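S.K.: To start, I am sharing the structure in question, which I have written as structure tokens.
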Amino acid sequence: MSLFSALYIVAAALFILALKWMSSPATARRGVVSGEIGMLLAVVGTLMRHEVVTYEWIIAGLLIGAAIGVPLAVLMPMTAVPQRTAISQACGALASALIGTAEYYRQYPSGFTMGALALEMLLGFLTFTASLMAFGKLHEILPSRPITFKGQNFVNLGLLGIAAAIGVTLVINPHQPVLFPIFVALSMAFGVLLIIPIGGADMPTVIALLNSYAGLSASAMGFALDNKLLIIAGALDGSSGLILSIIMCRAMNRSFTNVLFGAFGQLQTGAAATESKPVRSATAEEAAQILEDARTVVIIPGYGMAVAQAQHKIRELFDALTKKGIDVRFAVHPVAGRMPGHMNVLLAEADVPYDKLVEMDDINPEMGMTDVALIVGANDIVNPAAKNDPSSPIAGMPILDAYKSRTVMIIKRGMAAGFAGIDNELYYAPNTLMLFGDAKTFVAGLVKEVAGAH
Ligand code: NAP
């Protein structure tokens with residue numbers, strides 16, 4: 001076995017371990033490092049292959065890539081991770097599609113290789129434009145509302161059908177100076193059309209799906225270039241992206257076919273609170289007293305914790321309450337925040353012990369026995385309308401059963417709606433206290449009260 005094959009096998013093993021380790025917050029860091037080492041070995045192994053003619057262009061590519069990637073990683077805040085993922089995915093898909101194009105013009109392959117190349121370019125180009133569109137919608141450069149027209153699915157599928165038919169023609173006779181650019185243009189147009197009917201609200205799910213397409217594109221390229229590691233890495237990427245989008249769909253109670261056919265994204269149509277119903281509110285001092293009197297507290301973080309960057313203060317509150325012998329745990333909803341694992345990442349950053357993070361299905365049966373549910377900047381994920389109101393835009397979405405706990409305390413700045421744009425009946429419940437203020441500031445006040453009291 002050559003050194004090159006050995007490097008590839010080790011890299012493939014590291015990719016698989018990376019996915020395994022990334023599935024738990026306790027081992028996620030190790031997973032990221034193992035994926036990075038795997039990728040380094042893959043790049044080194046590839047550069048050692050005899051096909052490399054000259055290194056100048058490769059070095060230029062590395063420098064340009066780093067010049068774009070490093071600022072992206074450093075400058076974009078945590079709350080903008082979905083956009084960042086979209087833009088890096090667009091770059092990856094474009095790279096894959098351009099390699100396919102170069103390979104096509106280099107050797108006009110036929111048969112199986114051309115088939116793999118055609119699939120790779122179709123997926124690569126469509127993922128490129130679709131990811132750019134997703135970036136635009138998430139970053140609010142493009143209108144985020146869904147744009148629909150009559151017969152949209154028919155037009156989209158028709159376009160895809162024509163592109164696929166050209167792909168088949170290319171397999172039969174690769175020399176197609178006119179048809180090939182049309183194939184590229186149609187693939188890119190399909191990417192745009194795929195995204196326009198989808199609302200900005202659903203872009204994170206779409207990005208997971210596009211990630212899957214980019215992985216499949218890379219895998220197809222592996223077949224075309226006879227590179228086994230690319231086949232493996234692409235397949236892992238493709239399947240994990242698909243699994244993630246299915247998990248997200250389930251957590252938001254969306255049908256996966258709706259995602260595939262782009263007929264969703266109308267979530268933000270629900271009416272926010274217009275009439276003013278009375279709510280009960282409390283000060284930090286009063287809330288701290290209630291927390292100190294509790295035996296069990298479940299903290300439910302949401303998007304507002306991320307916006308306020310309140311995770312470190314929450315860790316301090318956890319320490320202060322635990323010191324007083326109170327059992328404090330964190331309930332993590334699968335779609336809390338704006339990206340999968342959002343809350344896990346932030347709580348891990350603040351060194352909250354992993355064994356205190358409990359998933360929705362495990363904590364819900366215990367919510368009825370909980371003294372205080374402290375909700376920090378979460379809204380939709382605790383909205384009982386998902387269970388009680390079949391006409392609600394979030395009907396059927398699984399929620400954290402905070403309403404079952406003896407006292408519910410909700411930290412948020414005002415009565416504004418969350419992501420789904422709808423009112424939350426939990427705010428008006430007799431066992432609910434609203435704690436109005438920025439999450440970081442309010443939790444800091446709670447820490448001061450709890451830690452200061454003897
Ligand atoms: P949410 O429903 O969007 O509610 C967040 C709440 O935080 C808002 O009501 C807001 O109220 C409050 N807030 C904002 N800034 C704050 C601050 N500085 N301090 C205190 N409070 C603040 O969030 P969520 O409950 O986490 O639910 C997530 C939603 O995103 C779900 O609808 C989910 O389906 C959707 N989603 C999630 C993902 C994912 O992967 N995680 C992907 C796509 C969609 P005020 O303005 O009144 O403060």
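S.K.: Between residues in region 197-218 that are part of a helix (DSSP H, G or I) and away from the ligand (no atom under 15 Å from the Cβ) and residues that are of a type in the set (D, E, K, R) and open to solvent by less than 10 Å² (accessible area, probe 1.4 Å), which pairs lie under 9 Å by C-beta distance while being six or more apart or on different chains?
M.R.: Qualifying pairs under 9 Å: LEU216/GLU120; SER217/GLU120; ALA218/GLU120.
S.K.: Take the residues in region 321-351 that are within 12 Å of the ligand (Cβ to nearest atom) and among the small types (Gly, Ala, Ser), then tell me which one is modelled with the highest pLDDT. First the steps, then the outcome.
M.R.: Going through region 321-351, the residues within 12 Å of the ligand (Cβ to nearest atom) turn out to be 331-346.
Now narrow it down to the ones that are among the small types (Gly, Ala, Ser): 331, 336-337, 341.
Numbers: ALA331: 97, ALA336: 92, GLY337: 90, GLY341: 82.
Only one residue tops the list, namely ALA331.
S.K.: Another question about this same structure. Which of the following residues is among the aliphatic types (A, V, I, L, M), modelled with pLDDT of 90 or more and over 23 Å from GLY234 (Cα atoms): ILE59, ILE87?
M.R.: Only one candidate passes the filter, namely ILE59.
S.K.: Tally the residues that are under 19 Å from ASN344 (Cβ atoms) and open to solvent by less than 60 Å² (accessible area, probe 1.4 Å), restricting the search to region 5-25.
M.R.: Final tally of qualifying residues: 3.
S.K.: I need the strands (runs of 3 or more DSSP E) fully contained in region 349-454, keeping only those with at least 2 residues that are open to solvent by less than 40 Å² (accessible area, probe 1.4 Å), closer than 26 Å to MET248 by Cβ and of a type in the set (Ser, Thr, Tyr).
M.R.: Values: elements: 357-359, 372-376, 407-412, 432-436.
Per the criteria, no element qualifies.
S.K.: Still on this structure, I have one more. Keeping to region 272-314, report how many residues are within 28 Å of ALA348 (Cβ to Cβ) and charged (D, E, K, R).
M.R.: Count: 3.
S.K.: To continue, here is another question. Just checking, which of TRP57, TRP21 is of a type in the set (A, V, I, L, M, F, W, C), assigned to a helix (DSSP H, G or I) and within 24 Å of PRO334 (Cα to Cα)?
M.R.: Going through TRP57, TRP21 in turn, just one is of a type in the set (A, V, I, L, M, F, W, C), assigned to a helix (DSSP H, G or I) and within 24 Å of PRO334 (Cα to Cα): TRP21.
S.K.: A further question follows. Please give the number of the condition GLN176 fails out of (1) part of a helix (DSSP H, G or I); (2) of a type in the set (S, T, N, Q); (3) without any contact (Cβ under 8 Å) to a residue 60 or more places away in the chain.
M.R.: Going through the list (1) part of a helix (DSSP H, G or I); (2) of a type in the set (S, T, N, Q); (3) without any contact (Cβ under 8 Å) to a residue 60 or more places away in the chain, GLN176 breaks only (1).
S.K.: Within region 327-348, which residues are open to solvent by 10 Å² or more (accessible area, probe 1.4 Å), of a type in the set (A, V, I, L, M) and outside any helix (DSSP H, G or I)?
M.R.: VAL332, VAL335, MET339
S.K.: With the requirement that a residue be away from the ligand (no atom under 13 Å from the Cβ) and touching a Gly at 6+ places or on another chain (Cβ under 9 Å), what does region 369-389 give you?
M.R.: Within region 369-389, LYS387 is the sole residue that qualifies.
The values are calculated or read from the model by the stated rules, or taken from the named source; none is laboratory data. Being a predicted model, the structure only gives us computed values, none of them experimental. Don't worry about glycine lacking a Cβ; one is built from the backbone with ideal geometry, like all the others, and counts go over all protein chains shown. Protein only, heavy atoms only, side chains kept; ligands, DNA and RNA dropped before computing areas. Shrake-Rupley method; radii C 1.70, N 1.55, O 1.52, S 1.80 Å.
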